[in-house]
Each structure stands twice: as C-alpha cells, then as structure tokens.
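Written below as structure tokens is the structure these notes are about.
The values are calculated or read from the model by the stated rules, or taken from the named source; none is laboratory data. Computed from a predicted model, the values in this text were never measured in an experiment. Quick reminder, even Gly has a Cβ in these numbers, built from the backbone with ideal geometry, and neighbours come from all protein chains shown.
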Amino acid sequence: MKFSAILCGCGAMSKGWLRAIASNPLLADSITIVGLVDLNRETAEKLASEFGLEGAVIGSDLSDVIAATKADLVFDIVIPAARYDVVSTALKAGCHVLSEKPMAASLAEGAALVDLAAETGRIHAVIQNRRFISGVRRLRRFVESGAIGELTGIHCDFFLAPHFGGFREEMDNVLLLDMAIHTFDAARYVADRKPLAVYCVERNPKGSWYRHGASANAIFEFSDDIVFTYRGSWCAEGERTSWESQWRLVGSKGMLAWDGEENFKATIAGEEPGLLRGSVAVNVPGPDHDEETHGHASVIADFIAAIGTGKRPETVNSDNIRSLAMVFGAIESAKTGRRVEISA
C-alpha cells in the first residue's frame, strides 16, 4: 500500500524521521513525502534540498498543503505548544497522524485528541521511539519470563548535561516534559501496569543553563503494588548515564540491572548460609524480534501497518495518554508538594 505524507515542522528533529524512513526499504517504498509545512519557508526549502524532496509542496498553512496534495498522512514534528492545532487540523481533514512526543501540551488537549481521533475514524499515534529499542524490549520479555519472580520495583537514573540551545532551554518543566517521558513510557511498557499516583520534587539546580525544571525526582505507584522511581537531571556535568537511563528491576526472586547501553546483569537469590544468601547469575536472552528494535523506523512501521490492517498501533494516543498523564501528574505534584493520583 502506498501513502502520501506531509511533514509538518521542518527543524532538526525532522531529519531523524526522514533518515528512519530512508533506512527501511519497506517504508521508503510505501511513503512519499508530498508536502512540507513550516512557518519559515527557508527551513522547509533547505530540508527539501538536503533530502531530495524538491517535488514536495511547501507552505506555512497545513490545511492548504493538505488540500493541495490530498495527503493520507501527517507527520507532526512541531513544538508541543502547536501540537493540538496541527493534529486536530489533520484529523479533521481525514489524515492519519503520527506525532512527536509529548502527544499534547496538556492532559485536557490529549484527551480531546483521543476523542477526535475516535470521531474521525483516523489513527493518531506517538513517536515513543525509545520503547522500540533492543534494551527496553529485552527488559519487558525478561520480566514476562518470570526469571526474577514477580516484579516489585523499577528504578531509573538519568544524569546528563546536554547544551541544546533553542526552545528547550526556555521551556517550563523541561526534563519532565521533553525527556523524562521517554523513561516514564518505557517503564510503563516494561511493567505492563497502569500508573496510579506520583509524588515528585522538581528543581532547577545551581549552574543550570535551562530556565526551568532541569532536574526531577519522582516516585510512581503502579497497579499490583509495583513502584517506579526516577532520578534525573539534564544539567549534571561529569560522568554521564546512558540517554536511556540506568535501570534496576527488582523482583520477588532476584534483580536485573541494565546500564542503558550493552550491559545486562541478572541475578537471583543464592543459597549461601548467613545474613546475606549471595546470588546466582541468570542469562538475559537477546532480542528476538529485530523489527521492533529500530527506534523511529519501528514506530513508523507499526503506525503504517496499523493503517493497513486496522490493528491498533502500540503507541496509539488512547494508550499513550497514560504516559502523558504520568508527566503532568509529576508536574502537578512538584507544584503542589503533594501526592497526585493519575486518572488516565
């Protein structure tokens, strides 16, 4: 099946989407970029030139470009504040939409987009690309195997110091809204449980080059008595963690540690006498579904497959809103100093 697509938002992030499509022969064969939308025409023209898209219709108004191209899909790569208008315009025009994260700038807008997608009969899904990597898929399958017993806790550390420049350094709640959602969504996927409540402390530490909220510490309660803790900073100079965080999963029989890169270590209780019983190493199987481990390309492929088959994509908005609710629950908790229940 062939699809014509409009790419809305032609900044630096759009290049990752275009490279992902080009890297997958099935995607490259089934998706044609017929339109580029950006408030700055020069930005769109430069992107068209770099990726050989000179035949695409270029404009600053999404409705006009949809009308001119009769596109099937819209790839939404705009800043969060513009997301609701872009997605609602595309859905109402009959397009399926794949959005950058977060899926909306507020929980209310997210809920409205869930309703609108249902009303229009169109799919709106979200690029949660970091759940589509080998390490996260291995975590989920290892938990499902029961090797460490019943999952009781997930603990993630994220400490980096990127100097982006641009809109991120001016955002409110920059770590929680722009980056922590990746780890929140991945933890929800690994646990396969519903988030119920959160308590969060957010700060903008001394030395931060961000305007607001460059660090956060959050405790989430999931269903079935699973606890997820997150400690993070985007202005932590020095030895960094992985972009995927460092993980420790605690089960009723043992633990699994992942450094966010290539190293996994799983152990279960040993049988040594005394206060501490020691531990026994357990093998962590490698990934067994390669097609699920290519980040952006895997999410886009899942989205395209859903349109063709009617099967719900993994990151459909009606599910992803739970990850969004984790973010806004943490933000509300940080503002109020109280434990906040998560209702989505």
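Things to note:
- Members of segment 134-156 found to be closer than 14 Å to Glu261 by Cα and buried (at least 19 other Cβ atoms within 10 Å of the Cβ), listed by number: Gly135, Val136, Arg137, Arg138, Leu139, Cys156
This table checks each residue for (1) under 20 Å from the mean Cα position of the chain (by Cα); (2) of a type in the set (D, E, K, R).
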position: Phe132; (1), (2): yes, no
position: Arg138; (1), (2): yes, yes
position: Glu150; (1), (2): no, yes
position: Phe158; (1), (2): yes, no
position: Gly165; (1), (2): no, no
position: Arg168; (1), (2): yes, yes
position: Leu175; (1), (2): yes, no
position: Ala180; (1), (2): yes, no
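- Qualifying positions in segment 88-102 - out of contact with any His (no Cβ under 6 Å at 6 or more places or on another chain) and at pLDDT 95 or above: Ser88, Thr89, Ala90, Leu91, Lys92, Ala93, Gly94, Cys95, His96, Leu98, Ser99, Glu100
- Residue ID - farthest from Arg231 (Cα to Cα), chosen from residues in segment 179-217 that are among the small types (Gly, Ala, Ser) and part of a loop (DSSP other than H, G, I, E, B): Gly207
- Lone qualifier among Gly207, Gly213, Gly238, Gly232 - being farther than 23 Å from Ser134 by Cα, within 21 Å of the chain's Cα centre (by Cα) and either buried (at least 23 other Cβ atoms within 10 Å of the Cβ) or not basic (Lys, Arg) (or both): Gly213
- Within segment 23-98, strands (runs of 3 or more DSSP E) holding 1 or more residues that are among the hydroxyl-bearing types (Ser, Thr, Tyr): 31-37
- If you filter segment 94-133 down to residues that are of a type in the set (Gly, Ala, Ser) and surrounded by 17 or more Cβ atoms within 10 Å (Cβ to Cβ), you find that the one that is nearest to Thr309 (Cα to Cα) is Ala125.
- Scanning segment 288-306 for residues that are surrounded by 20 or more Cβ atoms within 10 Å (Cβ to Cβ) and hydrophobic (A, V, I, L, M, F, W, C) turns up Ala297, Val299, Ile300, Ala301, Phe303, Ile304.
- Among (1) buried (at least 22 other Cβ atoms within 10 Å of the Cβ); (2) touching a strand residue (DSSP E or B) at 6+ places or on another chain (Cβ under 8 Å) - the single one Asp259 does not satisfy: (1)
- Assessment of segment 266-287 against the conditions (closer than 21 Å to Leu160 by Cα and surrounded by fewer than 18 Cβ atoms within 10 Å (Cβ to Cβ)) yields no matching residue.
- Against the numbered list (1) in contact (Cβ under 8 Å) with a residue 24 or more places away in the chain; (2) touching a helix residue (DSSP H, G or I) at 6+ places or on another chain (Cβ under 9 Å), Asp85 comes up short only at (1).
- Every residue from segment 311-324 that is within 13 Å of the chain's Cα centre (by Cα), touching a residue at least 40 places away in the same chain (Cβ under 8 Å) and in a helix (DSSP H, G or I): Asn317, Asn320, Ile321, Arg322, Ser323, Leu324
- Among the residues listed as Phe159, Phe184, Phe220, the single one being touching an Asp or Glu at 6+ places or on another chain (Cβ under 9 Å) and modelled with pLDDT of 95 or more: Phe159
- Lone unmet requirement of (1) more than 30 Å from Phe3 (Cα to Cα); (2) part of a loop (DSSP other than H, G, I, E, B) for Met103: (1)
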